[in-house]
1. Against the definition (at pLDDT 95 or above, in contact with an Asp or Glu (Cβ under 6 Å, 6 or more places away or on another chain) and crowded, with 22+ Cβ neighbours inside 10 Å), how does Ala104 come out, yes or no?
2. Any idea which residue in the stretch 242-282 is most open to solvent (accessible area, probe 1.4 Å), counting only those that are among the aliphatic types (A, V, I, L, M) and part of a loop (DSSP other than H, G, I, E, B)?
3. How about the stretch 136-178: which of its residues are of a type in the set (Val, Ile, Thr) and under 29 Å from the mean Cα position of the chain (by Cα)?
4. Mind checking which residues of the stretch 151-196 are β-branched (Val, Ile, Thr), at pLDDT below 95 and more than 30 Å from Val390 (Cα to Cα)?
5. Answer yes or no: is there a residue in the stretch 69-81 that is surrounded by 20 or more Cβ atoms within 10 Å (Cβ to Cβ) and at positive phi.
6. Spot the failing condition for Ile366; the list is (1) part of a strand (DSSP E or B); (2) out of contact with any Phe, Trp or Tyr (no Cβ under 7 Å at 6 or more places or on another chain); (3) open to solvent by 20 Å² or more (accessible area, probe 1.4 Å); (4) more than 30 Å from Arg319 (Cα to Cα), and only one is missed.
7. So, of the residues in the stretch 283-312 that are of a type in the set (Val, Ile, Thr), touching a helix residue (DSSP H, G or I) at 6+ places or on another chain (Cβ under 8 Å) and free of Cβ contacts under 8 Å to residues at least 60 places away in the same chain, which turns out to be surrounded by the most Cβ atoms within 10 Å (Cβ to Cβ)?
8. What single numbered condition from (1) crowded, with 19+ Cβ neighbours inside 10 Å; (2) not in a loop (DSSP other than H, G, I, E, B) fails to hold for Arg319?
Amino acid sequence: MGAGGEEAMTASYFRGETDAPWVNVPVGRYLSDVAAWVPERVALIVPAGADGQPERSWTYRELDAIAHKVAQALLAKFAPGDRVATWAGASPLMVFLEFGAMRAGMTLVTVNPANRAGELQYLLELSQARGLFFEPVYRKLDNAAALREVRAMLPSLETVIPLNEWENFLAGAGDVALPVVTPNDPALVLFTSGSTGKPKAALLSHGGILNNAALSARQLGVASGAVWLNMLPMFHIGGTGTMTLGCLSTAGTQVMLDFTPEAMLDALARYRVGITMAVPTMLVAVLHHASFTSTDLSSLRTIVVGGTPVPPELLRRVRREIGAEVMTLMGQTEAAGAMFATKPGDEEELVTGSVGGPLALSEVKIAAPKTGAVLPRSQVGEICIRARSVMLGYLGNPEKTAEAIDDEGWLHTGDLGRMLGNGYIHVTGRLKEMIIRGGENIYPREVEDVLVELPEISQAAVFGIPDEKWGEQVACALIARPGRCIDIPALEESLRTRLSRHKVPKIWRVVEEFPLNASGKVQKFRLQEQVAAEEAANG
């Protein structure tokens, strides 16, 4: 039930359902419980791939046994409480390590395999990982050579295990008693995106990641025993938590896949997939693929789009041509996964114009950034959530932890938005990106949305630059569409008919590409640094 009363109708506060169960066991124990319930149900499938591997699958009984053996092999090299890192792409070994490490009372640290030597060094130093499992070559990147560059500068890293020596690692398993693990113990270290600076290490608990995944599945209306298609990276909470543990929470079957339109269509039909997560570009590629019309997609009930708006026409086309529900979901590493999601049966304008409402057993408020006071409905402020699944804190950074989680347990997400009448959230941008020009708040997302509607603009990034007179001035970097030119004076004139004058950028840069972090997010702080330096040099 949501919050009631007259105040709840006017204040930007809403409570998710309160009658959902809370799973009070650690991840490894939960896997054993599911294996005892449906031992012969298929838990994990990896389709035949371009690497020449045949299709592989494991039942819950087999997955439970593998997790036990991996835990024993880990305990032969490390101790409960140690942090052990992975630096590899999605594969069944990542699932085995996830469940095995958690059963051994160790904390799994997941590193993006596309990170290079300097990034790897920073993240392993930050996490103080004692062990590292890695792919020597990842998508033609020589990660073995990158590791050699920095190995001597990582004194905490005692053991390195290439994944092509997996069987040798398992052969070292002994027969020792597994440690007692509680739901409050740390389970995962995941790194924030680093879109506004260096990544931070979010420490997540067993209970946090397991319950967030289970409550996400509940919000999305996923049936028990459903088949989940997981195309998300296993170094993000979406892959390790929402999909892997969400599937576990429904005693479902997880199909792991690297995305191509052909592979996705084949998997959807072959395995009778019921739910998947995708970004709009994936869906467009599938809808335009030659074999789309001849593929049986009748089993697909739910397509979840995370972290990006769903274009209305794409939503209508998916519903019309696939017959599946499209739902939006918004999550954050610090929240251990999803914070908001729409629900089955929601109207088009809710799916395309919001990220849904809070999960069960959680609360949301829109707060004044400086005071934390709850704002009236429809007013833009910082999105804050309160839930038992929220991170334990940032590893080794109590100051940033205190900034993120206040004394009342509210996680300050750094996202800006407003609350709709039903408690759903419309996101307007990032707090750290908000520009204050002459006392006026300007939200970059609002300006960017107008810019990318113009035929000559492919991408836009709006940000603030220090200004003596106004405090901040609005700047914008643009990428042109192929074959098009951008006329800045004409563009400014066009914007003045669509936006308030103070929102129209005064500083422009047309660039070939934006600086991106390893997750593909635009690093606006780098754009700010570059443009500010150029402006200072030009006087």
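The values are calculated or read from the model by the stated rules, or taken from the named source; none is laboratory data. Nothing here was measured: the structure is a model prediction, and the numbers come from that model. Please note: Cβ atoms are built from the backbone with ideal geometry, for glycine as well, and neighbour counts cover all protein chains shown. The area values use the complete protein model at the heavy-atom level, side chains included, leaving out ligands, DNA and RNA. Shrake-Rupley method; radii C 1.70, N 1.55, O 1.52, S 1.80 Å.
1. Numbers: at pLDDT 95 or above: yes; in contact with an Asp or Glu (Cβ under 6 Å, 6 or more places away or on another chain): no; crowded, with 22+ Cβ neighbours inside 10 Å: yes.
When the stated conditions are applied, Ala104 does not pass them.
2. Of the residues in the stretch 242-282, the ones among the aliphatic types (A, V, I, L, M) are 243, 245, 248, 251, 255-257, 263-265, 267-269, 273, 275, 277-279, 282.
Filter again for part of a loop (DSSP other than H, G, I, E, B), leaving 251, 257, 273, 278-279.
Values: Ala251: 2, Leu257: 28, Val273: 0, Ala278: 6, Val279: 57 Å².
Going through the qualifying residues, I end up with Val279.
3. Applying the first criterion (of a type in the set (Val, Ile, Thr)) to the stretch 136-178 yields 137, 150, 159-161, 176.
Scanning the stretch 136-178 gives Val137, Val150, Thr159, Val160, Ile161.
4. As a first pass, look at the stretch 151-196 and keep what is β-branched (Val, Ile, Thr): 159-161, 176, 180-182, 189, 192, 196.
Now drop any that are not at pLDDT below 95, which leaves 176, 192, 196.
The answer is Val176, and nothing else.
5. no
6. Among (1) part of a strand (DSSP E or B); (2) out of contact with any Phe, Trp or Tyr (no Cβ under 7 Å at 6 or more places or on another chain); (3) open to solvent by 20 Å² or more (accessible area, probe 1.4 Å); (4) more than 30 Å from Arg319 (Cα to Cα), Ile366 violates only (3).
7. Of the stretch 283-312, the ones of a type in the set (Val, Ile, Thr) are 284, 286, 293, 295, 302-305, 308, 310.
Next cut, touching a helix residue (DSSP H, G or I) at 6+ places or on another chain (Cβ under 8 Å) only: 284, 286, 295, 302-305, 308, 310.
From the residues that got through so far, the ones that are free of Cβ contacts under 8 Å to residues at least 60 places away in the same chain too are 284, 286, 295, 303, 305, 308, 310.
Details: Val284: 16, Val286: 24, Thr295: 17, Ile303: 22, Val305: 26, Thr308: 12, Val310: 21.
So the residue we want is Val305.
8. It is condition (1) that Arg319 fails.
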